[in-house]
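A quick write-up on the structure given underneath.
The values are calculated or read from the model by the stated rules, or taken from the named source; none is laboratory data. Keep in mind it's a predicted model, so treat the numbers as computed, not measured. We place every Cβ from the backbone using ideal geometry, glycine too, and count neighbours over all the protein chains shown. Only protein heavy atoms, including side chains, enter the accessible area calculation; ligands, DNA and RNA are left aside. Shrake-Rupley method; radii C 1.70, N 1.55, O 1.52, S 1.80 Å.
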Amino acid sequence: MKLSGEQLESLYTTMVKIRRFDEKTTELFNAGLVKGTAHSYVGEEAVAAGACANLREGDYIVGTHRGHGHCIAKGARVDRMMAELMGRQDGYCRGLGGSMHIAALDLNILGCNGIVAAGLPIGTGAGLAAKLRGTDNVVVAFFGDGGANQGVVHEALNLAAVWKLPAIYLCENNQYALSTATARTTAGESIAARAAAYGIPGVRVDGNDVLAVYEAVRTAVARARKGEGPTLVEAVTYRWGGHSMRANLPEYRTKEEEREWMERDPIARFRNHLVDGKRATPIRLKELEESVELDLDRAVEFAKASPEPTVELMESSVYATHIQVSEPATRAGRELTMAEALNEALRGEMERDARVFVMGEDVSLIGGIFGVTRGLRERFGEDRVRDTPISEATFVGAGVGAAIAGLRPVVEIQIFDFVALTMDQLVNQAAKFRYMLGGRPTVPLVIRGPQGGGIRLAAQHSQSLEAWFVHVPGLVVVAPATPYDAKGLLVSAIRDDNPVIFLEHKALYATKGAVPEAHYAIPLGKADVKRAGKDVTLVATQAMVSRALAAAADLEKEGVSVEVIDPRTLVPLDEATILTSVAKTGRLVIAHEAVKRGGWGAELAALVAERAIDVLDAPIVRVAARNVPMPYNDSLERATIPSQQDIAAAIRGLL
Ligand SMILES: Cc1ncc(C[n+]2csc(CCOP(=O)(O)OP(=O)(O)O)c2C)c(N)n1
């Protein structure tokens, strides 16, 4: 396609701006004004410039650690970028993110990323959001040749291909991953050739030819906008400098190779093309260069004048404010199982808010292996109730991307042990996204599914993993014990603007309890006193709650009055209710099913010791699983998970 003079000038300006921005960044890094590290895009300018020239404001991009060029090409302001690199409050992330996390949600720049290839699941989710909304917006997800060997790249390409998502996966093959040449790590004739395995187009282009990149991405964007699905584009290029500004590594490339590639300078090449083809005069190009220079000088001044962020800003950037709700006046209602109660919560929220959708393995056609999503497909259709491939990292990451792009995904992990496959997307992406971007974006994502033992599913299908998530700032952790709590808490989790880990207990799915028919929400961070007492405070979670109540009933016969508290949400934790109870009883027993070592009980014990040691009349006691993986054998499993008798014995030992 023949580009207008204005478009050509814009491409040229973008490339020059990217180059000069990173050259300036290097100077500022050497002068100590840019800290940590940054990865220069010099030499690769044609890729971002050519690709993003095809995009509209509503289109999304996700960048990489080498992402300044991606942001500039999508229209980011260089002054706010520079302020971010200097860690200042006027930066895109208010100084909390730095070079590797620059994002501009107003321009649908969903962030650079410090984790190699992690942007691909997120970009895939943004593509899903664009499709579910019925727009013709597309996403360009950048990644490197090193990133191409991450498992999530395979998963993302597969998912986008089966769901025909409007995505362009753009591999910047600069031929090295840090020090390691692509040829030493990468099988097959090319990265683009891998597209054939997914039945989508794969195109290899000269990444130093901005017009070639523009054309390849133009075709891919047109296909995506028409709803025909994703394309994999591989742009072959070369980075001129070292891996990062900090890296001071032994040589791994030859000077000759470096020289050869610098002779293929994408900017000089385009400049010659414009001048030789009489599409621009050298004088005009000089004018454009000078205006870039002026912009960058102003950007540096802007950044230097910007204030440093404060501790208050930092601390307040982790969580979005939780929704304010109050519990229903009555808990009376029909007897439902916990699975039915959860189903009602999902149904009610999907009725109420078209942005809510559900995805996970086997959640649609059969309604989930525990039946929690049963009937939702019939009611809301397959678009909003999606069976996924077995690609946990990527469908959770797609949930993150869709949430960032404005939807409210509820993602099921079929058995919570499988969450281990998703930890990057949960811990490095979902939990930190708001914070890394300066405390403004929201990530309204629920990750739910069954944990816990008791039904002989052995070591890889029975763990209780709440401590993993409690440890991560940015995540909300919910763990209901009754059908009533499960319904109201899931409603709140879906309405919350933070990523919520919603832990169900598989042995409780079939337990019954009264559940009000009306749609209701339970506040996050509010414990429930399941039984009042005055001698001992017993804090129990999930399957331990009914055992704690049974133990308390037994002990009452012995004249011991036990107060049983279910925190219901572990983050945020209702510290006040627990501390008030301990102040009254002077004794604390904590019961959970997770293994004792490093368990959530240790955190609570430490909290009470720090805050209320003077009111304690006895040592704090934890009743928890033995420090072993869950055994398969019946009686060994029983010997591992705390019983009602274990809890009662712990309490007797305190009196
Ligand atoms: C998951 C992960 N592994 C390793 C790293 C460390 N690291 C950062 S960039 C990089 C090389 C990436 O190579 P490539 O994807 O080709 O991108 P390039 O740096 O060449 O642009 C490595 C090993 C990381 N940040 N994340």
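Observations on the structure shown:
- Screening Val236, Val221, Val213, Val205 for residues that are within 29 Å of the chain's Cα centre (by Cα) and modelled with pLDDT of 95 or more leaves exactly one candidate, Val221.
- Pair list, Cβ < 6 Å and 6+ apart or interchain, from the stretch 142-169 residues that are more than 25 Å from Lys226 (Cβ to Cβ) to residues that are small (Gly, Ala, Ser): Gly146/Ala177; Gly147/Ala117; Gln150/Ala117; Val152/Ala117; Val152/Ala393
- Any chance Tyr60 is more than 15 Å from the ligand (Cβ to nearest atom) and of a type in the set (Ser, Thr, Tyr): yes
- When Ile455 is tested against (1) open to solvent by 40 Å² or more (accessible area, probe 1.4 Å); (2) in contact (Cβ under 8 Å) with a residue 60 or more places away in the chain; (3) more than 20 Å from the chain's Cα centre (by Cα), just one condition goes unmet, and that condition is (2).
- When the residues of the stretch 549-593 are filtered to those that are part of a strand (DSSP E or B) and β-branched (Val, Ile, Thr), the one that is farthest from Leu607 (Cα to Cα) is Val562.
- Those residues of the stretch 551-568 which are small (Gly, Ala, Ser) and surrounded by 16 or more Cβ atoms within 10 Å (Cβ to Cβ), in sequence order: Ala551, Ala552
- Pairs meeting the criteria (first residue in the stretch 523-544 and assigned by TED's automatic domain parsing to the domain that holds Thr640, second residue aromatic (Phe, Trp, Tyr) and modelled with pLDDT of 95 or more, beta carbons under 9 Å, at least 6 apart or on different chains) are Thr541/Trp600.
- Of all residues in the stretch 101-116, those satisfying the criterion of being buried (at least 23 other Cβ atoms within 10 Å of the Cβ) and either in contact (Cβ under 8 Å) with a residue 60 or more places away in the chain or in a loop (DSSP other than H, G, I, E, B) (or both) are His101, Ile102, Ala103, Asn108, Leu110, Gly111, Cys112, Asn113.
- All conditions in (1) closer than 21 Å to Thr13 by Cα; (2) away from the ligand (no atom under 16 Å from the Cβ) hold for Cys93, with the sole exception of (1).
- Hey, Ala510 closer than 23 Å to Ala550 by Cα, outside the structural domain of Leu421 (by TED's automatic domain parsing) and either of a type outside the set (A, V, I, L, M) or surrounded by fewer than 23 Cβ atoms within 10 Å (Cβ to Cβ) (or both) or not: no
- Being open to solvent by 30 Å² or more (accessible area, probe 1.4 Å), closer than 24 Å to Ala216 by Cβ and in contact (Cβ under 8 Å) with a residue 40 or more places away in the chain is a property that holds for Gly5.
- Qualifying positions in the stretch 191-231 - within 16 Å of the ligand (Cβ to nearest atom) and either assigned to a helix (DSSP H, G or I) or open to solvent by less than 20 Å² (accessible area, probe 1.4 Å) (or both): Ile191, Ala192, Arg194, Gly207, Asn208, Val213
- Residue in the stretch 155-188 that is most open to solvent (accessible area, probe 1.4 Å), counting only those that are within 15 Å of the ligand (Cβ to nearest atom) and part of a helix (DSSP H, G or I): Arg184
- Verdict on Ala48 being in a helix (DSSP H, G or I), surrounded by 24 or more Cβ atoms within 10 Å (Cβ to Cβ), within 16 Å of the ligand (Cβ to nearest atom) and not β-branched (Val, Ile, Thr): yes
- When restricted to residues that are away from the ligand (no atom under 16 Å from the Cβ) and outside any helix (DSSP H, G or I), the stretch 63-82 contains 4.
- Considering only residues in the stretch 96-116 that are at positive phi and within 16 Å of the ligand (Cβ to nearest atom), the one that is nearest to the chain's Cα centre (by Cα) turns out to be Gly111.
- Residue list for the stretch 418-448, restricted to those being within 16 Å of the ligand (Cβ to nearest atom), without any contact (Cβ under 8 Å) to a residue 60 or more places away in the chain and open to solvent by 10 Å² or more (accessible area, probe 1.4 Å): Ala420, Leu421, Met423, Val427, Lys432
- Meets criteria (under 17 Å from Ala624 (Cα atoms) and open to solvent by less than 20 Å² (accessible area, probe 1.4 Å)) for Ala521: no
- Some residue of the stretch 124-132 being open to solvent by less than 10 Å² (accessible area, probe 1.4 Å), within 14 Å of the ligand (Cβ to nearest atom) and of a type in the set (A, V, I, L, M): no
- Flag set for Gly119, criterion: touching a strand residue (DSSP E or B) at 6+ places or on another chain (Cβ under 6 Å) and within 16 Å of the ligand (Cβ to nearest atom).
- Taking helices (runs of 4 or more DSSP H) as the structural unit, those lying wholly within the stretch 239-337 and holding at least 1 residues that are farther than 22 Å from Leu85 by Cβ, within 16 Å of the ligand (Cβ to nearest atom) and without any contact (Cβ under 8 Å) to a residue 60 or more places away in the chain correspond to 255-262.
- If you go through the stretch 33-45 and pick out every residue that is within 15 Å of the ligand (Cβ to nearest atom) and either within 14 Å of Val139 (Cβ to Cβ) or not β-branched (Val, Ile, Thr) (or both), you end up with 8.
- Restricting Thr310, Thr321 to those that are at pLDDT 95 or above and open to solvent by 90 Å² or more (accessible area, probe 1.4 Å) reduces the list to Thr321.
- Residue count for the stretch 137-146, restricted to those that are within 7 Å of the ligand (Cβ to nearest atom) and closer than 15 Å to Ala167 by Cβ: 1
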